[in-house]
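Before any comments, here is the structure.
No value in this document is a laboratory result; all are computed from the given coordinates. No experiment lies behind these values; they were computed from the predicted model shown. All Cβ positions, glycine included, derive from the backbone under ideal geometry; neighbour counts span all protein chains shown.
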Amino acid sequence: MGSAAQLAAAVLMMAGYPALMLAALVPSVPAFAAAAAVTYLADHYLHRKSSYLINRLSKVRAGLSIRFLIRQLLLVLLLARLSLADNLIYYGAIACFIAFYGLQAPHGALVQLIRNRRRMPVATRNVDLKSRIRIPDAPPRKLLHRSAEKMLHIDLFAVAGILLAAQVKSALVGFVGIGITVALGVLYVLALVPFVRGRKIPPKADTVLAAVDDWLGEYQPETVLYFSGSKDSAYQVNMWLDTMENLDSKPLIILRERAILNNLAPTTVPVVCVPGGVHLMNMDLSTVRVALYAANVGKNIHMLRVPTIKHVFIGHGDSDKLASVNPYSKVYDEVWTAGRAGRDRYAIADVGVRDDDIVEVGRPQLAPIQTWQGVPDGRIPTVLYAPTWEGWDGNPGNTSVVLAGENIVRQLVQADPPVRVLYKPHPFTGNVSKEAGAAHQRITALVRKAAAERALDTRFAADTAVQADAKAELARIEARLAQLSGSGGERRDEAEATRDGQVDIARHEEVARLRREWNDAYWRSFPAWEHRVITGADPRLYDCFNVSDAMVSDISSVVSDFIASGKPYAVTDSAEVGVEEFKRNNTAVRAAVILSNSAAELPELLAAVRDRAADPLAEDRKELKQYLLGPDEPTSLVQFNTAVADLALKAETRNVGQESRVAAALADAEVDPEADAELANAVPGQRAAAAGDTDGVGAG
């Protein structure tokens, strides 16, 4: 249900309908009115909260319209039981409800037609279509938002009027309510009509596609980040946005699903969302030389088929998972990995990816992670505990939370000399396993109890003035961020978002600056010795990395990313396969302190943090970092830009060579005009390839 309030509302709503029937049979007008009010209010509340129950009811043919119809039928039954079957109000009620439901069809059709016509064949962000085509404003939000619920609730006037007429034995008041309901229903339908015709609807698909092509011809993109996936996979493209913004070549992001566009993080890079495969293949991408792919999905074929572009798999993480050596990867011209480890994975997997086609480019996303310089003087060390979640398969090796979490945290909060503990669990913790959820709650309580005890310990002093200033600064920054997030206006639909979706560069940069200032103020808003449970999006994981001196975690990308800091770390062997086997199976733990579920090995980690001279794994971490992530110099962004430039040159060389061979063949051969045309089309560009394969599945 989502909350106790939603559960209570659901119970009231489900109990309300039997109560309505009982009130109708008794009969009792006041009881019926009270039960009806409960069902109206509970239904509205659950809809507003998007309750799970509401979604399920619609699946079992007990949706919103049916519930309103049942209430109206029971009202007619009430009138009959009150011996009003021969009264005009009885026939008026029946006529009203028939007319009322007669209006539902044109209303629903108009709403759906408006939404369909305002759905763009190509949705964009940071693309200037406003100067090329006319996209009208969306209909007022009050007309389309929750339109079915609004239309059905117009029956309130009729229901109230009929109940009052039954109570006071006067048909007049009932017909007033009926008249208001029918009139409002007709007015609602008429209010929608202008938005399905004339200048109120966006241009047709051909016009929009031509405008996008016109913009592409003017912008001339050179490097494309291509992505397709479910809405839950938006993070896979979001992690590459900063890199795309810092490319030396002209970037473009191409998405295939509207759900991804709606979940895309703010960016200054032009974004084009093309759900239709044919529309994509007909777009003018003749200036693009490099296409980057963050995921292996079937829709990649729509771009992979273009021979004038060089195609690269960059993935969305570098780990020992099987996804990192997917055989699908051999369809790309090159595969880019962070370091030597990625190259070796493909060699060991032997899935058909040639070593010559692998390029090591580092991980540009890890640039915000700072290199460890030791614990600052006068500050106790900070240890981050960042376990992953339990996963879907019930494998005990997925997370340390259940078997080891309390042991880890208890030893850390009781450490002597003391350390500070930051507990940042994976947001999915407890979603699948009740045991994991219960363990998370116990760990949270343990950290907070230790924080409260430390606050009373006279050994730890707090600079309350500094913290008060920091909290005031946090409030100021959050207020400004809220103001900036709302100043762009409420985008009502896809057409308006496409028309007005150009990012305000100054606002974008201010938001980035304010987020950095927020992070700095957050860490100053409480003592540097205070244990802390950190949930939610902010502060981000990398920000926690930067204020920590060591980390305890599980096998996940978190460990691979933390290695970029060079700081000591420990990984829990929750399945207890043994140290040697654990290291053999997981490259990222080869320079880690390996913890059993008892966490008895934690003193090794704390000793390395307190005294860098007592850190036997320091050199191993340095070597592992380079093996996994590549060298520090040149920077990963420089390596990435160099790889893009080199591949673009290969694409250009290939295209010029093809053109030269075709031109030479035409000059040397004496052929008829039809043969000339056949030869000229022997090496298709993108548009020619699309024309030869409109279903987007063949090779062109």
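When 70, 563, 254 are ordered from fewest to most other Cβ atoms inside 10 Å of their Cβ, what list results?
By the 10 Å Cβ count, ascending: 70, 254, 563.
Based on C-alpha coordinates, I'd like the Rg and Dmax of segment 463-526, in Å.
Cα radius of gyration and Dmax of segment 463-526 are 15.5, 52 Å respectively.
From the Cα gyration tensor of segment 315-404, with a ≥ b ≥ c the square roots of its eigenvalues, which class applies: rounded if a/c is under 1.5, or else prolate if a/b is larger than b/c, or else oblate?
Oblate is the answer for segment 315-404, as a/c is 1.5 or above yet b/c matches or exceeds a/b.
In the chain, which helices (entire DSSP H runs) extend 18 Å or more along their own long axis, judged by Cα positions, while averaging at least 1.6 on the Kyte-Doolittle scale?
In the chain, the long hydrophobic H runs are 4-25, 64-81, 155-168, 171-192.
Please name whichever of 579, 600, 427 sits farthest to the positive end of the charge dipole of the chain, dipole taken about the Cα centre and charges placed at Cβ: Lys and Arg +1, Asp and Glu -1.
Positive-most Cα among the choices belongs to 427.
Once segment 125-263 is represented by equal point scatterers at the alpha-carbon sites, with solvent omitted, what log10 I(q)/I(0) does the Debye formula produce at q = 0.12, 0.15 Å⁻¹?
Those come out to -0.74, -0.92, one per q.
Rg and Dmax of segment 339-459, Cα atoms, in Å?
When restricted to the Cα atoms of segment 339-459, Rg and Dmax are 19.9, 64 Å.
Summing Lys, Arg as +1 and Asp, Glu as -1, what charge do residues with Cβ under 12 Å from the Cβ of residue 23 carry, residue 23 excluded?
+2
How big is the charge dipole of the chain about its Cα centre, in debye rounded to the nearest 20, if each Lys and Arg gets +1 on its Cβ and each Asp and Glu gets -1 on its Cβ?
3680
Taking a quarter of the surface of the convex hull around the Cα atoms of segment 37-95, what do you get in nm²?
It is 4.8 nm².
Can you sort 583, 650 from fewest to most other Cβ atoms within 10 Å of each residue's own Cβ?
The fewest-first ordering by Cβ neighbours comes to 650, 583.
How would you classify segment 1-126 from its alpha-carbon gyration tensor, with a ≥ b ≥ c the square roots of the eigenvalues: rounded for a/c under 1.5, else prolate if a/b is greater than b/c, otherwise oblate?
It comes out oblate by the Cα gyration axes.
Please list the radius of gyration and Dmax for segment 69-145, considering alpha-carbon atoms only, with Å as the unit.
Expressed in Å, the Cα Rg and Dmax of segment 69-145 come to 22.0, 67.
Where the centroid of each part is defined by its Cα atoms, how far is segment 325-371 from segment 547-615 in Å?
24
With just the Cα atoms of segment 136-183, tell me how far they stretch along each of the three principal axes, in Å, largest first.
Principal axes ranked by extent give 51, 15, 9 Å for the Cα atoms.
Mind pulling the per residue volume of the convex hull built on the Cα atoms of segment 52-201? Å³ is fine.
135
Around residue 154, with a cut-off of 14 angstrom between Cβ atoms, what is the net charge of the other residues, counting Lys and Arg +1 and Asp and Glu -1?
+2
Count charges around residue 97 for me, please; just the other residues with Cβ under 15 Å from its Cβ, Lys/Arg as +1, Asp/Glu as -1.
Taking every other residue near residue 97 into account, the sum is +1.
Given Cα pairs under 8 Å that are at least 6 residues apart, what percent is the relative contact order of segment 564-651?
Once normalised by length, the contact order is 29 percent.
Could you tell me which residue out of 627, 545, 110 lies farthest along the dipole of the chain toward its positive end? Charges go on the beta carbon: Lys and Arg +1, Asp and Glu -1, centred on the Cα centre.
Highest projection toward the positive end goes to 110.
Name the shape class, rounded, prolate or oblate, that the alpha-carbon gyration tensor gives for segment 503-662, where a ≥ b ≥ c are the square roots of its eigenvalues, rounded holds for a/c under 1.5, and otherwise prolate holds if a/b is larger than b/c and oblate otherwise.
Oblate shape, in that a/c is at least 1.5 and b/c is the bigger or equal ratio.
Just the ratio, please: alpha-carbon radius of gyration of the chain over 2.2 N^0.38 Å, N its number of residues.
1.21
How big is the dipole moment of segment 463-526 about its Cα centre under a simple scheme where the beta carbon of each Lys and Arg is +1, that of each Asp and Glu is -1, and everything else is neutral? Debye, nearest 20, please.
Around 120 debye, computed over segment 463-526.
Mean 1/r over all different Cα pairs, inverted: what Kirkwood radius does segment 414-530 give, in Å?
About 18.1 Å, per the Kirkwood formula over Cα pairs.
Of the peptides 268-275, 446-453, how do they stack up when ordered by the mean number of other Cβ atoms within 10 Å, highest first?
Descending mean neighbour count gives 268-275, 446-453.
Using +1 at the Cβ of each Lys and Arg and -1 at the Cβ of each Asp and Glu in the chain, identify which of 418, 391, 33 lies farthest towards the dipole's positive end.
33
What is the fewest-to-most order of 542, 52 by other Cβ atoms lying within 10 Å of their Cβ?
52, 542
Translational diffusion coefficient of segment 330-383 at 10 °C, 1.306 mPa s, Stokes-Einstein with Kirkwood Rh over Cα pairs, in µm²/s as a whole number.
114
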